[in-house]
1. Determine, at each q value in 0.11, 0.16, 0.22, 0.24 (inverse angstroms), the log₁₀ of I(q)/I(0) that the Debye formula gives when each Cα of the chain is one equal point scatterer.
2. For the chain, what relative contact order do you get, as a whole percent, if you take Cα pairs closer than 8 Å and at least 6 residues apart?
3. So how do Trp47, Trp57 rank on accessible area, 1.4 Å probe, biggest first, that is with the largest at the start?
4. Just want the answer: with Cβ charges of +1 for Lys and Arg and -1 for Asp and Glu, which residue in Leu38, Ala52, Ser68 is farthest toward the dipole's positive end in the chain?
5. Considering only the other residues whose Cβ falls under 10 Å of the Cβ of Met5, what net charge follows from Lys and Arg at +1 and Asp and Glu at -1?
6. In what order, largest first, do Leu14, Leu76 sit by accessible area if the probe radius is 1.4 Å?
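The values are calculated or read from the model by the stated rules, or taken from the named source; none is laboratory data. Since the structure is predicted, the reported quantities are computational estimates derived from the model, not experimental observations. Neighbour counts are summed over all protein chains in view; Cβ atoms, including those assigned to glycine, are modelled from backbone coordinates with ideal geometry. Protein only, heavy atoms only, side chains kept; ligands, DNA and RNA dropped before computing areas. Shrake-Rupley method; radii C 1.70, N 1.55, O 1.52, S 1.80 Å.
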Amino acid sequence: MPRMMLTDADWSRLSSLLQLSGRVYNKAEHRLTLEGILYRLRTGCPWRDLPAAFGHWNTVFRRFNLWSKKGVLSQL
């Protein structure tokens, strides 16, 4: 499994910010999605080369794209 960036304390703060945005609902897999986004940004790998530990690459990409368009990531 790839190295994770978010501590439990970081995730609890980010999770509450995601929910306060009103655009993201509470879902357990959102932490892995955000970790996958951070991993991809940190390494510069293509979306298709994301490790499977983060979930299907297309799901991570679609959420990144949706959250970017809705301004969720800029609020974080």
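1. -0.25, -0.54, -1.04, -1.23
2. Numbers: 55 pairs, mean separation 24.7, N = 76.
RCO, the chain: 33 percent.
3. On the way: Trp47 40, Trp57 65 Å².
So, going from the largest accessible area down, we get Trp57, Trp47.
4. Ser68
5. Values: positive: Arg3, Arg42; negative: Asp10, Glu35.
Here the charged neighbours net out to 0.
6. On the way: Leu14 35, Leu76 70 Å².
Of Leu14, Leu76, the descending order of accessible area is Leu76, Leu14.
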